[in-house]
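The values are calculated or read from the model by the stated rules, or taken from the named source; none is laboratory data. Computed from a predicted model, the values in this text were never measured in an experiment. Ideal geometry is used to build each Cβ from the backbone, glycine not excepted, and the neighbour counts take in all protein chains shown. These accessible areas exclude ligands, DNA and RNA; they are computed on the full protein's heavy atoms, side chains included. Shrake-Rupley method; radii C 1.70, N 1.55, O 1.52, S 1.80 Å.
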Amino acid sequence: MNIEANESKQRSGLESYLHVLHALMLRDMRTRFGASLWGYGVVVLWPCIHIFMLIAIYTFQKIPAPLGDNRALFFATGAVPVLVFQYISREVMKAVIMNRPLTYYPQVKLFDLVFSRILVEIVTGFLALLVVTSVLIIIGSDPVPTHPIVAVTGYIGSIILGIGIGTINVAIVGFFPGWLIGYALFSILMYLSSGIIFLPSFMPDQIYYWMKFNPALQCAEWVRSAYYPNAGIQVDYLYVIMFGLTAISIGLLGIKHIVSKMQ
């Protein structure tokens, strides 16, 4: 009887937690995107617009792609993983700022706010990837990589990296709200040096060596190597994964021992 009671109690606790998580995700989507699907659709399309603006500018100026003969494919393969990383890392930080009053309810913990926002951003990034893939097919580009597993693991690496930097941002912004602006400026530097509009391996070896320490650049090259296997792109897969997992560990420790106690 005691075993059945414990199992029932654990099941009830899990169901309660899932209800809280589901409610946070719905609230997140409604408050940020509006009460309709159109509002959410705009957020999904925003990174897609970003990518296709790059394609349009370089096509209008008749600038050839640094690799291959397909501008759209080259820019999309570099931009999508970097934008996935940046959106997750930024929006996870904003979740705590926007929803902190919810932690006054005993059912809602700070980690719940972070976790629910991570799930929303992963779904949003996946939908954006589907939109980009569909548009590439429509305009006559082949979005199927030569090595699909490499491309999928590259996107997963971007997600892990985004979660890691996002949790660290939560810990930082917990006692320094101005970091929200500081990280926006830092993101611009990472974006410009991540190799979206150029091929980093074409840079001089001395410069390329230091650029490789940017994990966002590694993610872009990781995905791009799946489409251009003969380009000689070298990716330090272990560096990206370990960087992301280490960042997650540091961020979660900061949230538990610093931000939660401050609240």
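Points to keep in mind about this one:
- Pairing each residue of segment 192-217 that is free of Cβ contacts under 8 Å to residues at least 24 places away in the same chain with any residue that is open to solvent by 70 Å² or more (accessible area, probe 1.4 Å), provided the two are 6+ apart or on different chains, yields C-beta distances under 9 Å for PRO200/ILE207; TYR208/PHE202.
- Residues of segment 75-120 classified as without any contact (Cβ under 8 Å) to a residue 12 or more places away in the chain, in a helix (DSSP H, G or I) and either aromatic (Phe, Trp, Tyr) or open to solvent by less than 10 Å² (accessible area, probe 1.4 Å) (or both), total: 1
- Any hit, segment 251-258, residues being within 22 Å of PHE198 (Cβ to Cβ), among the hydrophobic types (A, V, I, L, M, F, W, C) and either in contact (Cβ under 8 Å) with a residue 24 or more places away in the chain or surrounded by 18 or more Cβ atoms within 10 Å (Cβ to Cβ) (or both): no
- Meets criteria (part of a helix (DSSP H, G or I), of a type in the set (A, V, I, L, M, F, W, C) and crowded, with 17+ Cβ neighbours inside 10 Å) for ILE137: no
- Some residue of segment 146-153 being over 30 Å from THR103 (Cβ atoms), at pLDDT 85 or above, surrounded by 13 or more Cβ atoms within 10 Å (Cβ to Cβ) and small (Gly, Ala, Ser): yes
- Condition check for PRO229: closer than 19 Å to LEU67 by Cβ and open to solvent by 20 Å² or more (accessible area, probe 1.4 Å): yes
- So LEU110, is it in contact with a helix residue (DSSP H, G or I) (Cβ under 8 Å, 6 or more places away or on another chain) and under 20 Å from TYR183 (Cβ atoms): yes
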